[in-house]
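Colleague: Provided herewith is a single structure, encoded as C-alpha cells, for subsequent inquiry.
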Amino acid sequence: MAVAALGRLELLLTGIYDLRIGCRVEDFLVTERQQLPATCRDAPGDEQLFVTIADDELCMSLFLDPEMLERLQSHDPNDKLDQHNVADCWTALEGISHFLCVAHHAEHDRPVSLLTLELQAEIDKYIASFLLLRRRDPNRFPAELHPLLFQRARIDPRLAAGRKSLYRRASRYAARFCAKLEPRLRALCRSGDRGWQMDLRRFYRLTDFGKLRHIERLQVC
C-alpha cells in the first residue's frame, strides 16, 4: 500500500531523531479534498498540513494527493530513490516532517514557527534522501544531493502565497546546516561514524531561536 511506503519514511525520520510520538501520520492522513475545510479545498499543491485548536486541543490533518501516493506505491523510494520518484519522495517527506515537528512541539508544550517547520523539512529531506541513497551504495557520498535540493529546486509561486521570502530564508539556513553536516556524513560512508546522528538530535530539540542562532554561528567552507 502507498500508506506503507509513507509509514516507512515516517519510521526513517523518527529513527533519525529518536522521536517518541504517540501518534502516526497514517491516523491523520486525508487524501480526498472534500474532507478538507471548505476554505482550503481549492488550495494548490500535493501536500498540506492543517492545524487548528478547538477547546484547547490541537487538531491536525495531513493532506497528501492520492495520485502522488499511488506513484510512491509503484516506485517506493525506500527501495530505490532515483530521478523518477525523488520529487514525490520530497513531497511526502515534507508533509511527514511538518506533522512530526508540530506533534513533537505539542507534546513538549512548546510553540513552533512556520520558519522552523520549513527549515526542519528541508533538513529532513536532505538527510532522509542521503540515507535512502546510501542503502543502494553505502560507501558512496552523493555530492550531487546538496546542490540538487538547495540550488536547483525552485519555489512554486502558486504555493508560496506571499511567503516566498520565508521559504527562501528557510532554504538558506537549511543549506548552511547541511553543508556543515557533510563531513560527518562523509565519515559515515568511510568508516560508519555515527556522530552525525547526535548532531541532528541535539539540533532538533533546540528552540526556534536556538536553531537559527546555531546555524548563524556555523563556519562553512
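The values are calculated or read from the model by the stated rules, or taken from the named source; none is laboratory data. Computed from a prediction, not measured in an experiment: that's the story for all the values here. Every residue, glycine as well, gets a Cβ built from its backbone with ideal geometry; the counts of neighbours run over all protein chains shown.
Colleague: Could you list, ordered by first residue, the pairs with Cβ atoms under 9 Å in which the first is in the range 73-90 and within 16 Å of Ala4 (Cα to Cα) and the second is among the β-branched types (Val, Ile, Thr), at least 6 apart or interchain?
Modeller: Gln73/Val3; Pro77/Val86
Colleague: When Glu144 is evaluated against the numbered criteria (1) surrounded by fewer than 19 Cβ atoms within 10 Å (Cβ to Cβ); (2) under 30 Å from Asp27 (Cα atoms), which criterion, by number, is the only one it fails?
Modeller: Of the numbered conditions (1) surrounded by fewer than 19 Cβ atoms within 10 Å (Cβ to Cβ); (2) under 30 Å from Asp27 (Cα atoms), the odd one out for Glu144 is (2).
Colleague: Which condition breaks for Met60 when tested against (1) surrounded by fewer than 23 Cβ atoms within 10 Å (Cβ to Cβ); (2) farther than 25 Å from Gln35 by Cβ; (3) touching a Leu at 6+ places or on another chain (Cβ under 7 Å)?
Modeller: (2)
Colleague: Starting from the range 1-21, take each residue that is closer than 16 Å to Thr91 by Cα and list its partners that are of a type in the set (Val, Ile, Thr) and crowded, with 20+ Cβ neighbours inside 10 Å, counting only C-beta distances under 8 angstrom and pairs at least six apart or across chains.
Modeller: Leu6/Val25; Leu6/Ile96; Gly7/Val25; Leu9/Ile96; Glu10/Val25; Glu10/Ile96; Leu13/Ile96
Colleague: Follow-up. Filter the helices (runs of 4 or more DSSP H) completely within the range 141-216 down to those with at least 1 residues that are touching a residue at least 60 places away in the same chain (Cβ under 8 Å) and out of contact with any Phe, Trp or Tyr (no Cβ under 6 Å at 6 or more places or on another chain).
Modeller: Numbers: elements: 157-160, 164-191, 195-204, 208-216.
Where helices (runs of 4 or more DSSP H) fall fully within the range 141-216 and carry at least 1 residues being touching a residue at least 60 places away in the same chain (Cβ under 8 Å) and out of contact with any Phe, Trp or Tyr (no Cβ under 6 Å at 6 or more places or on another chain), they are 157-160, 195-204, 208-216.
Colleague: While we're looking at this one, here's another question. Of all residues in the range 112-133, which are buried (at least 20 other Cβ atoms within 10 Å of the Cβ) and polar (S, T, N, Q)?
Modeller: Hits for the range 112-133 are Thr116, Gln120, Ser129.
Colleague: Does the range 15-33 contain any residue that is farther than 10 Å from Phe63 by Cβ, among the polar types (S, T, N, Q) and modelled with pLDDT of 80 or more?
Modeller: No: zero hits.
Colleague: Would you check which residues across the range 85-98 are among the polar types (S, T, N, Q), outside any loop (DSSP other than H, G, I, E, B) and either crowded, with 24+ Cβ neighbours inside 10 Å or out of contact with any strand residue (DSSP E or B) (no Cβ under 7 Å at 6 or more places or on another chain) (or both) and list them?
Modeller: Ser97 - this is the single residue of the range 85-98 that is among the polar types (S, T, N, Q), outside any loop (DSSP other than H, G, I, E, B) and either crowded, with 24+ Cβ neighbours inside 10 Å or out of contact with any strand residue (DSSP E or B) (no Cβ under 7 Å at 6 or more places or on another chain) (or both).
Colleague: Right, another one. Could you tell me which numbered condition Ile53 fails, if it satisfies all but one of (1) more than 18 Å from Ser171 (Cβ to Cβ); (2) among the β-branched types (Val, Ile, Thr); (3) buried (at least 20 other Cβ atoms within 10 Å of the Cβ)?
Modeller: Evaluating Ile53 over (1) more than 18 Å from Ser171 (Cβ to Cβ); (2) among the β-branched types (Val, Ile, Thr); (3) buried (at least 20 other Cβ atoms within 10 Å of the Cβ) leaves (3) as the failure.
Colleague: Any residue at all in the range 151-168 that's out of contact with any His (no Cβ under 6 Å at 6 or more places or on another chain), under 22 Å from Ser61 (Cα atoms) and buried (at least 16 other Cβ atoms within 10 Å of the Cβ)?
Modeller: Looking through the range 151-168, at least one residue is out of contact with any His (no Cβ under 6 Å at 6 or more places or on another chain), under 22 Å from Ser61 (Cα atoms) and buried (at least 16 other Cβ atoms within 10 Å of the Cβ).
Colleague: So if I check each of Asp109, Asp82, Asp27, which one is more than 17 Å from the chain's Cα centre (by Cα), in a helix (DSSP H, G or I) and either surrounded by fewer than 18 Cβ atoms within 10 Å (Cβ to Cβ) or not aliphatic (A, V, I, L, M) (or both)?
Modeller: Asp27
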